[in-house]
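Structure first, then comments.
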Amino acid sequence: MKIVDFKHWLQNWLEINHIEKNVPKSTIFPHRTGIVIGGRVKMGEKCRISQGVTIGSKSRFDKRQPVLGDNVVVYSNAVIIGNIVVGNNVVIGANSVVLKSVPANKTVVGVYK
């Protein structure tokens with residue numbers, strides 16, 4: 001981690017691996033503590049990501065990462081991993097684990113595989 005990245009992490013407790021261009025300015029992080037977003041994740045407009053959320057690949061060797069649609073809400077401590085697409089207007093509940101693609105306008109809770 002670079003010095004600048006470490007300083008940013010200390011101030012915000014938010015780790016985004018080189019994807020500033022893939023996270024729109026309309027994305028909301030209401031409680032930034034413990035959020036980890038992989039470097040190849042693509043996010044739509046007006047997403048809301050809560051504390052403790054992890055979004056990324058299944059392993060460090062896997063280059064395929066999730067794509068989130070517009071208006072996606074991800075609640076606390078949810079995990080979204082793998083080569084999946086989360087559709088527009090999806091709500092992912094707290095502590096959920098999402099392992100397969102979610103169609104638009106759905107609510108996901110628990111383990112979705």
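The values are calculated or read from the model by the stated rules, or taken from the named source; none is laboratory data. The shown structure was predicted, so the numbers you read here are calculated from the model rather than taken from an experiment. Using ideal geometry, Cβ is built from the backbone for each residue, glycine included, and neighbour counts are taken over all protein chains shown.
Values computed for the structure shown
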read-out	value
Single residue of the stretch 20-60 satisfying the filter (small (Gly, Ala, Ser) and touching an Asp or Glu at 6+ places or on another chain (Cβ under 6 Å)) that is modelled with the lowest pLDDT	Ser26
In the stretch 22-64, the residues that are hydrophobic (A, V, I, L, M, F, W, C) and loosely packed, with under 13 Cβ neighbours inside 10 Å	Ile28, Phe61
Criterion violated by Asn77 - all others in (1) of a type outside the set (Lys, Arg); (2) closer than 17 Å to Asn22 by Cβ; (3) at pLDDT 90 or above satisfied	(2)
Pair list, Cβ < 7 Å and 6+ apart or interchain, from the stretch 89-112 residues that are touching a residue at least 60 places away in the same chain (Cβ under 8 Å) to residues that are assigned to a loop (DSSP other than H, G, I, E, B) and surrounded by 13 or more Cβ atoms within 10 Å (Cβ to Cβ)	none
Criterion: assigned to a loop (DSSP other than H, G, I, E, B), in contact with a Phe, Trp or Tyr (Cβ under 9 Å, 6 or more places away or on another chain) and on the phi > 0 side of the Ramachandran plot - qualifying residue of Asn105, Asn71, Asn89, Asn95	Asn95
Selection from the stretch 65-106 of residues that are surrounded by fewer than 15 Cβ atoms within 10 Å (Cβ to Cβ) and more than 17 Å from Gly44 (Cα to Cα)	Ala94, Asn95, Leu99, Lys100
